[in-house]
């Protein structure tokens, strides 16, 4: 995967990925704020926020290339539901990816790993924005922290040209200690692929956001209670990689934490309370993913059948 780069993911690629994801997070936060507040904002404030929105859109419209994941092929999705054997392969130890902090006066703290293991990372930290709460401060004025980690799985050589399919889950848990700040907390799971280990990991796509919440979280509309600051979800992941006979496909898995603040600190839980774990659904299957090979001829046969089922016109009573 390139001289001096055993992972297949360069520092430059990670930096570009984090810029793209951060711009998307900022746009999402700004859009939600504008949806709720645009009509009541002073003209000069609304103009400033709309201009900031245009800048973010321009950044996201730039050619992303390897940032755009390939769409699923329906014939491969159909084939893996038929005959065929799935195998397991271990996920290597996660690596440090990119980290970004505001780097401005009045902010401090980082999000960092406390443990990196096969298919798992635990983390903590205390990103802090020392500004006092101010109703005039908008999401466009927020400070942002981003940290990610990744692993690259290298599969065995393909016995025939065709498609390698993969499936697994990523479990994410986060505990945040009160008092809660003013800002947002979100996490993401991304995957990228390469048809051969000699190639760079590309075709990145976001497969899920286990956590996506405003801080402090809104109260329950029925009870009026604010939910406890424990967040998380399990993200199912699946896809396929086109591969030639004898080549070894590669899969990159990246997990990410993003914090934005306008005031206060995010105090993540101690060791073991904040983590990501790559695993299979079955108990005791942490740090494993499943994969299978389907040859080109079999995929073509499934596609022909799908096309036939889609185009065949049903008989109608009374036709001659």
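Tabulated data
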| read-out | value |
| --- | --- |
| Segment 202-238, residues that are surrounded by 17 or more Cβ atoms within 10 Å (Cβ to Cβ), modelled with pLDDT under 90 and farther than 26 Å from residue 141 by Cβ | 202, 203, 204 |
| Residue count for segment 132-156, restricted to those that are assigned to a loop (DSSP other than H, G, I, E, B), touching a strand residue (DSSP E or B) at 6+ places or on another chain (Cβ under 9 Å) and surrounded by fewer than 20 Cβ atoms within 10 Å (Cβ to Cβ) | 5 |
| Residue, surrounded by the most Cβ atoms within 10 Å (Cβ to Cβ), within segment 100-112, restricted to residues that are under 14 Å from residue 146 (Cβ atoms) and touching a strand residue (DSSP E or B) at 6+ places or on another chain (Cβ under 8 Å) | 111 |
| Among (1) within 30 Å of residue 269 (Cα to Cα); (2) modelled with pLDDT of 90 or more; (3) part of a strand (DSSP E or B) - the single one residue 193 does not satisfy | (1) |
| Any hit, segment 100-122, residues being closer than 25 Å to residue 9 by Cα and touching a helix residue (DSSP H, G or I) at 6+ places or on another chain (Cβ under 9 Å) | yes |
| Among the residues listed as 214, 226, 176, the single one being over 19 Å from the mean Cα position of the chain (by Cα), assigned to a strand (DSSP E or B) and over 22 Å from residue 117 (Cα atoms) | 176 |
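Conditions (1) in contact with a strand residue (DSSP E or B) (Cβ under 8 Å, 6 or more places away or on another chain); (2) within 15 Å of residue 173 (Cβ to Cβ); (3) without any contact (Cβ under 8 Å) to a residue 40 or more places away in the chain; (4) assigned to a loop (DSSP other than H, G, I, E, B), marked per residue:
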{"position": "204", "(1), (2), (3), (4)": "yes, no, no, no"}
{"position": "221", "(1), (2), (3), (4)": "no, no, yes, yes"}
{"position": "231", "(1), (2), (3), (4)": "yes, yes, no, no"}
{"position": "234", "(1), (2), (3), (4)": "yes, yes, no, no"}
{"position": "239", "(1), (2), (3), (4)": "yes, no, no, no"}
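The values are calculated or read from the model by the stated rules, or taken from the named source; none is laboratory data. Values in this document were obtained by computation on a predicted structure and should not be read as measured data. Methodologically, a virtual Cβ is constructed for each residue, glycine included, from the backbone with ideal geometry; neighbour enumeration extends over all protein chains shown.
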